[in-house]
Amino acid sequence: MARITAGVATSHVPAIGAALDQGKAAEPYWAPVFAGYEASKAWIAAEKPDVVILVYNDHASAFSLELIPTFAIGCAAQFAPADEGWGPRPVPVVQGHPELAWHIAQSLILDEFDMTIVNRMDVDHGLTVPLSLMFGQPAEWPVKVIPLAVNVVQYPPPTGNRCFNLGRAIRRAVESFPEDLKVVVFGTGGMSHQLQGPRAGLINRAFDTAFLDRLVADPKGQAQVPHIDYVREAGSEAIELVMWLVMRGALDETVREVCRFYHVPASNTAVGHLILENPAP
Ligand code: DHB
Ligand code: FE
């Protein structure tokens, strides 16, 4: 059967993608950011997942205020990089896994998570920057990717608890797929950041550190934290962190922390990153 071996959480700052694409990764501002992912790149090269379920949010690239799915799953064979205003990123087209994606869609919907099924979608920095951070700049992505988009752009986003329970349902879905596949779940976005208004640029290291600790050790408790606490303490865009709870819900209660990284500055965002392994079966 298919199984989830690990979870990866990471910020998805667009300027990180631009730094890589424009050959600026070695510049003093960016070098410490990319250095923080070196061990993670080695880890995933050794882990060799067949499929990544990539939980991210679309930033008005594929969706808009005209159409706002709370949870959407990409069932297509391919997903092209979105044009976010400067042309599409020069990264490989993302290869999907339609058979597993349709199986997960069926399992989730029958499990009472009413997913939007997406058969055509361009993917923005929310999805491509985490791939770049974990895999660098290959000619082709070395893994199939199932995009799972969560609305955290237009109020009301789903609760942390709903996201955590979606992760548990994703695990049930994956473990009922008969083919032997190694699956890693990515949760992306965050950490503290606010992009607009008088508090633009807000960073809260204490909040972020507590979130990292609690996501590892007490995810059910973290899942109870209301939206307003994220927004008040860590900025309006910190609400993206509920997507990390989807990843955490797909793992065992007790996990092994294999990588942790936290760095400020990176554009307007505190960059946070975790890799958590499920104990071997
Ligand atoms: C930035 C961060 C994001 O998560 C995003 O979606 C857009 C911009 C930033 O820090 O600049
Ligand atoms: Fe974002």
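Summary table below
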read-out: The range 13-44, subset under 30 Å from residue 180 (Cβ atoms) and in contact (Cβ under 8 Å) with a residue 24 or more places away in the chain, residue surrounded by the most Cβ atoms within 10 Å (Cβ to Cβ); value: 37
read-out: Test: residue in the range 157-175 that is more than 19 Å from residue 248 (Cα to Cα) and not basic (Lys, Arg); value: no
read-out: Filter result for residue 17 (within 16 Å of ligand 2 (Cβ to nearest atom), farther than 20 Å from residue 134 by Cβ and not charged (D, E, K, R)); value: no
read-out: Subset of the range 115-130 [within 15 Å of ligand 2 (Cβ to nearest atom) and not in a loop (DSSP other than H, G, I, E, B)]; value: 123, 125, 126, 127, 128, 129, 130
read-out: Helices (runs of 4 or more DSSP H) (entirely within the range 170-259) containing at least 2 residues that are surrounded by 13 or more Cβ atoms within 10 Å (Cβ to Cβ) and without any contact (Cβ under 8 Å) to a residue 40 or more places away in the chain; value: 205-217, 227-234
read-out: Exclusive hit being buried (at least 18 other Cβ atoms within 10 Å of the Cβ), at pLDDT 95 or above, under 16 Å from residue 238 (Cα atoms) and in contact with a Pro (Cβ under 8 Å, 6 or more places away or on another chain), set 150, 129, 123; value: 150
read-out: Residue 101 of a type in the set (A, V, I, L, M, F, W, C) and within 16 Å of the chain's Cα centre (by Cα); value: no
read-out: Selection within the range 218-269 - among the hydrophobic types (A, V, I, L, M, F, W, C), more than 22 Å from residue 158 (Cα to Cα) and either within 16 Å of ligand 2 (Cβ to nearest atom) or out of contact with any Gly (no Cβ under 6 Å at 6 or more places or on another chain) (or both); value: 255, 258, 259, 264, 266
read-out: Number of positions in the range 155-181 that are farther than 22 Å from residue 123 by Cβ and away from ligand 2 (no atom under 16 Å from the Cβ); value: 17
read-out: The lone exception for residue 185 - which of (1) within 16 Å of ligand 1 (Cβ to nearest atom); (2) touching a Gly at 6+ places or on another chain (Cβ under 6 Å) it fails; value: (1)
read-out: Residue in the range 147-167 that is within 16 Å of ligand 1 (Cβ to nearest atom), under 17 Å from residue 105 (Cα atoms) and touching a Gly at 6+ places or on another chain (Cβ under 6 Å) present; value: yes
read-out: First in the range 138-166 and part of a helix (DSSP H, G or I), second anywhere and among the small types (Gly, Ala, Ser), Cβ under 6 Å, 6 or more apart; value: 160/223; 161/223; 164/223; 164/249
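Table: residues versus (1) under 30 Å from residue 119 (Cβ atoms); (2) in contact with a Cys (Cβ under 6 Å, 6 or more places away or on another chain).
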{"residue": "15", "(1), (2)": "no, no"}
{"residue": "19", "(1), (2)": "no, no"}
{"residue": "39", "(1), (2)": "no, yes"}
{"residue": "44", "(1), (2)": "yes, no"}
{"residue": "51", "(1), (2)": "yes, no"}
{"residue": "60", "(1), (2)": "yes, no"}
{"residue": "73", "(1), (2)": "yes, no"}
{"residue": "76", "(1), (2)": "yes, no"}
{"residue": "80", "(1), (2)": "yes, no"}
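The values are calculated or read from the model by the stated rules, or taken from the named source; none is laboratory data. The model shown is predicted, which means the values in this text are computed figures rather than measured ones. Methodologically, a virtual Cβ is constructed for each residue, glycine included, from the backbone with ideal geometry; neighbour enumeration extends over all protein chains shown.
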